[in-house]
Every structure is written in C-alpha cells, then in structure tokens.
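S.K.: Quick one: the structure is below, and I'll ask about it shortly.
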Amino acid sequence: MPHYLKIELLRMFRNKRYVIFVVVFPVVFYLLYSNLWGSEVDQATGVKASVILMVSMAAYGALAASIMSSAVPWAQERQSGWLRQLQITPLPGWAIITTKLIASMLLVLPSLLLVGLAAVLTQHVSLPVGEWFGLIGSLWIGTIPFVALGLTIGSLLPPDTAQPVAMIGMFGLALLGGLWFPVDIMPSAMKSIAHVLPSYDYASIGWNIVAGDAPETSAVLGIAGWAVALGALAVLAYRRATIRA
Amino acid sequence: MPSVDVMNAIAFNGVTKKYGDVVAVDGLTLDIPVGSTVALLGPNGAGKSTSINMLLGLLRPTTGDIKVFGNGPDEAVTRGDIGAMLQEGSLIPELTVRESVDFIRRLYPDPLPLDEVLRMADLTDLAGRRADKLSGGQTQRVRFALAIAGGPKLLLLDEPTAAMDVESRRSFWDNMRAYAAQGRTIVFATHYLEEADENSDRVVVIARGQVVADGTAAEIKSGVAGHAVSFRLGSQPAAGLDALPGVSAVEIQADRVTVRTNDPDATVEALYRKTTLDVRDLQIHGADLEDAFLALTKES
C-alpha cells in the first residue's frame, strides 16, 4: 500500500491540471491580491489583509486540491478499466478508497505550504509557532469533507460529467464560502447560503486562528458534521461503484 | 482427502448467469486441468467474457459453483493465483510502463522479477515511456505485462489480440506460449479460429452460454461433416437458397454467398436446375475449423 500511495502522488504531480489549478493558482492569486490590498487592516480583528488572504488562498488551494485530485481521476479510473485491473489483484477493495483518501489529503499540502511560504517571503507575515501549526493542521484535516465529496462525485459520475461537476462544486464552494470575497459584503441571501457551507466553516476556523481566537464551536461542529455526512456518502457511492453483480 | 478440484485449475459446475431475462451463461460445466492451455471459442455474446468475469469474482453466478485451484474466485484473486487481461482497459496516462508494471507486480505475494516481465512482454525498450505516449498495440503489450507481472498460476486472456496487427499478434502468442511453458494454466477467449487452433491444446466451443464442443482442434473439425459451396450472387435475391437439399446455413458477404451443406452434389445440382440464379465463380470447399465452428454455433 505505501507503493500504491507513492504511485498516486507521482501521477498527480505529473498532471498539468492539478499543478496549474491547485499548486500555481492559489500562490499567484495570493501574490496578486496581497500586492493590491495586503497592507489593509481588518477593523474588527486588527489582522492585516495579507494574513487573511493567506488563509483564504490556502483554503482555496486545499479545497481545489482535495476535489481535483479525487473526483476526475477516480471517475476516469472506473471508466477506463483501471479499477477492474486493481480489483483482480490481491489488493483489497478498502485499500483503494483508503489510499485515494490519504493521497488526496497529502496532495493538499503543497498549496497550503506554498501559499504560507509566499506570505512569509513576500508579505513578511509572521505568526506565533502555535498558530502556524494550528492553522496548517486545521486547514489540512478540514479537507476531509471535500475529499469525500470528490470521491463521491468520482464514484457516481462518468468522467465527462464528473469534470464540470467537480469544477462547479469547487468554484461554488470557494466563492460562496467567502474564500474569494468576504462573506460580509455578500447580499443577505448569499450570506445565509454561505453560512451553511462547509467551505465557510473551513475557512473561518483559519481566520479565527490567525486573529488569535479559538475556532468557533459551530464551525468545528459544522465541518465535522459535513465530514461524517459526506464521508458516509462517499463510502456508499464507492460500494455502489465497485459492486460485484 | 484431496478433492478432485485440486487437480483442476478451473471447475465450473452447473454455472448459470442471468441478466434479467437474458441468459448469458446457461448451465456451464467445465473442468480445466492445471497446466493446460485452453481456447474458449465462440461468437460475440456467447458468454465467454461473462465466464471469465465470473472466474475473477467480478460477476457472481446466478446459480452453480466455480472453483479456481479448489477455492472460490475471490480467494483465488486474493491469493494472487490469477492474472488477467480483460477486454477493455487503459492505463494510468501519467505513469511510465515500468512504473505501472512494477506497481501491479508488487501487489502479488510472489511476483516475477520486473525485468523478466518487461522482457516477456517485449517492453524492455519501452520501459521509460509514459502510457499516454503508447500506441494501441503497445498498450496491449503493457496489459499483458500487467496480467503476468504477479506470476499467476492461472492466466486469463479475453480476446487479447483484438487491437493488434498481424505482426504483433504473432509475437503476442509467442510470449503467451513462453509463459505457458512454465507449467502455468492459460485460458483465452477468442473468436478467431486460427488463434484457437494454433495456440491452444484444447478448444472449448461456446455458443448461447453452453459448451457445444470440447476437444482438440482436429477432433472438432472431424466431428462436423460439412462442405461449403460459394458463388457470386451479385444483386440477385438469396431467398430460397436455404431450402436447397442438404443446406444447413446461408451466409452472404459482400456479393458472395456461401451455402453450408452436407451434400454438395445435391445442393449444386439443385442450384443449377431448380433456381433461375445466374451462378458465377462457383467454389466448393471441404470442412475446416471455420465450418465446424459455424455449424456448431449456428443459432438454432
């Protein structure tokens, strides 16, 4: 199984779509936005925009990585017969989905770390060590519901449909969750949608941490609830996709 | 007490597979001893692929029982006893040939050495190439390599040469025979008669989900007495040819019609005397494996 994991990581690092959307985009947008607004200060918390944008873009990158590295590759493997190729080896069925989950979560790390590094190097962002660990750790673990969503999409849809659905899901969650624009400037209808989305809970945990606050319980419960619900859905969808008639 | 199954690589016992009302495999009973190379020969839809997928545990029989080296298919797969090249399948585009083959072989408890697998599939020179840069025939070679990488005792090949040109086919069968020579059991499905004839030591003819003939290619040929009368039909109607004396089947290919008969003299006589057809370029052939095959698999 370690070898399977290595293979999964290797192929994604060679995948242009992954590298562009997931590794390059968040860093480039961070550099752009922080140069424009980085020195502004949030009135409520006193946190500089360069720090808030770091959280937002890292969250966007992680969200994108978790969905992009799971949904479409998995849909393609099912359709192309690669799944069958694996099913007729001694590899147990649970190892496939478990490896996919772990691989997707590891593939989240490059964008998290690179956005953080860009923030430190270009905007001289500095946080207490504990906040760094809390931030990276929570943004990392918090991708579980998004990986589960990606695997669900990949299990249920053929690649042609999984591709647009994953893209819409990814940008929808990012936009409505306030990763691109602050939720506070949204119209009230959109605002209420934003507040129930896992992406909002996810990013707000990060924003709280960099403001020196403890994450809100509602956000932690929200993301945990989404993780359980989407995780269960992913397992059901995986069973359906690999059923032996 | 050792059971009889232990002697068999494969034992189908009264296996039926239904999809709704459609019966894909109909009461199949078949034993394949360890070390033999067997061709499953049959037209499309005969139940060959369904049978192979049931051997791999990818499909479950509706009724009946399948044993692979005395175990159920799932256990045989888990033990790494089976390798297979299924009909469809592509590779992970971003991985090289070597990476894909090595990944699959490491999943097995007792795999072949990587270099040996690459050599046996004629892939040594392509080892560093990415899967998305391979031709169709090269991809098939990689899929063969994936099937043998784990050193399985039983190799299943479902129409393995479908995407290959003539030259690739020849070397493919050479490679398969080299693998078989190591005492392994091989079952391949094909609808190419020459392939079955040249590459197996036993041919099992399957039609409508049942075994309709089982033996060496020579035995199957001799079991069906039959001749073929063919001539150029052009645009004339073929109606009524099946009513001529001795005729068992009529096939039309392009402007040529072939009439299967067990009495070519009577058929030809009636053709000239009792029809008004303008018969050109008439040929009469003796029975060959193709005739036998067609006679056996003809829809009843």
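S.K.: Based on what the data block shows, is A:Ser80 free of Cβ contacts under 8 Å to residues at least 24 places away in the same chain, on the phi < 0 side of the Ramachandran plot and hydroxyl-bearing (Ser, Thr, Tyr)?
M.R.: Working: free of Cβ contacts under 8 Å to residues at least 24 places away in the same chain: yes; on the phi < 0 side of the Ramachandran plot: yes; hydroxyl-bearing (Ser, Thr, Tyr): yes.
Criteria met by A:Ser80.
S.K.: State all residues of the stretch A:150-177 that are within 21 Å of A:Ser218 (Cα to Cα) and of a type in the set (A, V, I, L, M, F, W, C); if no residue qualifies, say none. Outline the logic, then answer.
M.R.: Taking the stretch A:150-177 and keeping what is within 21 Å of A:Ser218 (Cα to Cα), we get A:173-177.
The answer is A:Leu173, A:Ala174, A:Leu175, A:Leu176.
S.K.: Can you pull out every residue in the stretch B:177-189 that is on the phi < 0 side of the Ramachandran plot and either modelled with pLDDT under 90 or among the aliphatic types (A, V, I, L, M) (or both)? Full working, then the answer.
M.R.: Of the stretch B:177-189, the ones on the phi < 0 side of the Ramachandran plot are B:177-182, B:184-189.
B:Ala178, B:Ala180, B:Ala181, B:Gln182, B:Ile186, B:Val187, B:Ala189 - these are the residues of the stretch B:177-189 that are on the phi < 0 side of the Ramachandran plot and either modelled with pLDDT under 90 or among the aliphatic types (A, V, I, L, M) (or both).
S.K.: So, one more: Can you find a residue in the stretch B:105-118 that is under 25 Å from A:Arg14 (Cβ atoms) and among the basic types (Lys, Arg)?
M.R.: Checked the stretch B:105-118: at least one residue is under 25 Å from A:Arg14 (Cβ atoms) and among the basic types (Lys, Arg).
S.K.: How many residues, within the stretch B:178-235, are part of a loop (DSSP other than H, G, I, E, B), of a type outside the set (S, T, N, Q) and in contact with a strand residue (DSSP E or B) (Cβ under 9 Å, 6 or more places away or on another chain)?
M.R.: So the count comes out to 10.
S.K.: Moving on. Out of the residues in the stretch A:11-20 that are buried (at least 16 other Cβ atoms within 10 Å of the Cβ) and part of a helix (DSSP H, G or I), which is nearest to the other protein chains (Cβ to nearest Cβ)?
M.R.: A:Arg11
S.K.: So which residues in the stretch B:214-237 are among the aliphatic types (A, V, I, L, M) and modelled with pLDDT of 85 or more, if there are any at all? Break it down stepwise before answering.
M.R.: Of all residues in the stretch B:214-237, those among the aliphatic types (A, V, I, L, M) come to B:217-218, B:220, B:224-225, B:228-229, B:233.
Listed by number, the residues that qualify are B:Val229, B:Leu233.
S.K.: Turning to a different aspect of this structure: If you take just the helices (runs of 4 or more DSSP H) that sit entirely in the stretch B:53-134, which of them hold at least 3 residues that are crowded, with 18+ Cβ neighbours inside 10 Å and more than 10 Å from every other protein chain (Cβ to nearest Cβ)?
M.R.: Helices (runs of 4 or more DSSP H) meeting the threshold: B:97-105, B:114-120.
S.K.: Right, another one. Can you find a residue in the stretch B:60-73 that is farther than 23 Å from A:Lys6 by Cβ and touching a Phe, Trp or Tyr at 6+ places or on another chain (Cβ under 6 Å)? First the steps, then the outcome.
M.R.: We begin by selecting, within the stretch B:60-73, every residue farther than 23 Å from A:Lys6 by Cβ; these are B:60-73.
This time we only want the ones that are touching a Phe, Trp or Tyr at 6+ places or on another chain (Cβ under 6 Å), so: B:66.
Checked against the condition, which is being farther than 23 Å from A:Lys6 by Cβ and touching a Phe, Trp or Tyr at 6+ places or on another chain (Cβ under 6 Å), the stretch B:60-73 yields at least one hit.
S.K.: Filter the stretch A:197-222 for residues that are over 23 Å from A:Gln43 (Cβ atoms) and over 17 Å from the mean Cα position of the chain (by Cα); which is surrounded by the most Cβ atoms within 10 Å (Cβ to Cβ)?
M.R.: Among those that are over 23 Å from A:Gln43 (Cβ atoms) and over 17 Å from the mean Cα position of the chain (by Cα), it is A:Leu221.
S.K.: Here's something else I'd like to know. Mind counting the residues in the stretch B:20-52 that are within 14 Å of chain A (Cβ to nearest Cβ) and closer than 26 Å to B:Ala162 by Cα? Even if it seems obvious, please write down each step before you answer.
M.R.: Step one: filter the stretch B:20-52 for residues within 14 Å of chain A (Cβ to nearest Cβ), giving B:20, B:22, B:24-25, B:49-50, B:52.
Subset that is closer than 26 Å to B:Ala162 by Cα: B:22, B:24-25, B:49-50, B:52.
Qualifying residue count for the region: 6.
S.K.: So, of the residues in the stretch A:14-34 that are in contact (Cβ under 8 Å) with a residue 60 or more places away in the chain and more than 19 Å from the chain's Cα centre (by Cα), which turns out to be farthest from B:Glu94 (Cα to Cα)?
M.R.: Only one residue tops the list, namely A:Ser34.
S.K.: Would you please name the residue that is farthest from the other protein chains (Cβ to nearest Cβ), looking only at residues in the stretch A:225-245 that are surrounded by fewer than 16 Cβ atoms within 10 Å (Cβ to Cβ) and over 30 Å from B:Lys18 (Cβ atoms)?
M.R.: Restricting to residues being surrounded by fewer than 16 Cβ atoms within 10 Å (Cβ to Cβ) and over 30 Å from B:Lys18 (Cβ atoms), the top hit is A:Gly225.
S.K.: If A:Leu107 meets every condition in (1) more than 14 Å from chain B (Cβ to nearest Cβ); (2) assigned to a helix (DSSP H, G or I); (3) farther than 30 Å from B:Leu157 by Cα apart from one, which number is that one?
M.R.: (1)
The values are calculated or read from the model by the stated rules, or taken from the named source; none is laboratory data. Quick caveat, the model's predicted, so the values are computed rather than measured. Ideal geometry is used to build each Cβ from the backbone, glycine not excepted, and the neighbour counts take in all protein chains shown.
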